[in-house]
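Undergrad: I'd like to ask you about the structure that follows.
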Amino acid sequence: MYLIFSCWPLFAMGQVSTGFESGLGVGWEQFPENRWESSLDNPLSGSYSLHHAFDNTISGTDRISVKTGTYDFDHNISWEFILKHDYTPSSTNKWEVLLATEKGAIENGTSIPANGYVFGVNISGTDDTLRLYSIRNGLLSILGTCSINYETDIGTSAIHCLIIRDSTAVWKV
């Protein structure tokens, strides 16, 4: 399984815990290359944070992932990270955190993964609401919609995200 970031997350906790004080570290892959870096620029925690280092002049998809191993969905699983987006979302400006997928950033490229779970804004709509999705055979299904409008409630501030899936497949954000 892979944890894929398609936005500005700081770290993930659980069976895998990572920080960016020593760079991206081993196991991180990017598509396209050189779009993400460990940066001193406005860190969210510590001295460094994962930072999107490429200013797309046209709409595009930049992904970064780290292989985490296989998740045991018979037990509780959680993902925790701090996220900051430096501009508000729009119908053409969206972000997503792929929580678990079968393939990493390079294999997925710009395509939506075949199977997994994703959390984000404007992935299948344009109302700036945070949503959690399941992806099966490349099709998105909404698992839950938060009452948070990212543009009006968060904007360019940092948000602490905790997403939990329990052993009975109940999700909490």
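Undergrad: Only one of PRO113, PRO89 is out of contact with any helix residue (DSSP H, G or I) (no Cβ under 7 Å at 6 or more places or on another chain), touching a residue at least 40 places away in the same chain (Cβ under 8 Å) and open to solvent by less than 10 Å² (accessible area, probe 1.4 Å). Can you tell me which? Lay out the reasoning, then the answer.
TA: Numbers: PRO89 fails: out of contact with any helix residue (DSSP H, G or I) (no Cβ under 7 Å at 6 or more places or on another chain).
Being out of contact with any helix residue (DSSP H, G or I) (no Cβ under 7 Å at 6 or more places or on another chain), touching a residue at least 40 places away in the same chain (Cβ under 8 Å) and open to solvent by less than 10 Å² (accessible area, probe 1.4 Å) holds for just one of PRO113, PRO89, which is PRO113.
Undergrad: Being over 17 Å from LEU130 (Cα atoms), in contact with a helix residue (DSSP H, G or I) (Cβ under 6 Å, 6 or more places away or on another chain) and not β-branched (Val, Ile, Thr) narrows it down to one residue among GLU29, GLU102, GLU37; which is it?
TA: GLU29
Undergrad: Further question: Check off (1) closer than 17 Å to THR156 by Cα; (2) part of a loop (DSSP other than H, G, I, E, B) for HIS51 and give me the number that stays unchecked.
TA: Result: HIS51 passes all but (2).
Undergrad: Further question on the same structure: Test SER167 against the criterion of being in a loop (DSSP other than H, G, I, E, B) and open to solvent by less than 70 Å² (accessible area, probe 1.4 Å), and give yes or no.
TA: On the way: in a loop (DSSP other than H, G, I, E, B): yes; open to solvent by less than 70 Å² (accessible area, probe 1.4 Å): yes.
Yes.
Undergrad: Still on this structure: Could you please let me know if ALA114 is of a type in the set (A, V, I, L, M), at pLDDT below 85 and under 27 Å from PHE54 (Cα atoms)?
TA: Taking the combined requirement at face value, the residue satisfies it.
Undergrad: Out of the residues in the stretch 53-71 that are at pLDDT 80 or above and of a type outside the set (A, V, I, L, M, F, W, C), which is farthest from SER111 (Cα to Cα)?
TA: Per the criteria, the residue is SER65.
Undergrad: Considering only the stretch 58-86, state which residues are open to solvent by less than 50 Å² (accessible area, probe 1.4 Å) and free of Cβ contacts under 8 Å to residues at least 24 places away in the same chain.
TA: none
So that you can scan it fast, the table gives a plain yes or no per residue for (1) part of a loop (DSSP other than H, G, I, E, B); (2) touching a Lys or Arg at 6+ places or on another chain (Cβ under 9 Å); (3) farther than 23 Å from ILE112 by Cβ:
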position	(1), (2), (3)
ASN34	yes, no, no
PRO43	yes, no, yes
ASP55	yes, no, yes
SER59	yes, no, no
VAL66	no, no, no
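Undergrad: Something else: Considering only residues that are part of a strand (DSSP E or B) and under 13 Å from THR88 (Cα atoms), which ones fall in the stretch 121-158?
TA: Selection gives VAL121, THR129, LEU130, ASN149, ALA158.
The values are calculated or read from the model by the stated rules, or taken from the named source; none is laboratory data. Computed from a predicted model, the values in this text were never measured in an experiment. Note: ideal-geometry Cβ built from the backbone for every residue, glycine included; neighbour counts use all protein chains shown. Protein only, heavy atoms only, side chains kept; ligands, DNA and RNA dropped before computing areas. Shrake-Rupley method; radii C 1.70, N 1.55, O 1.52, S 1.80 Å.
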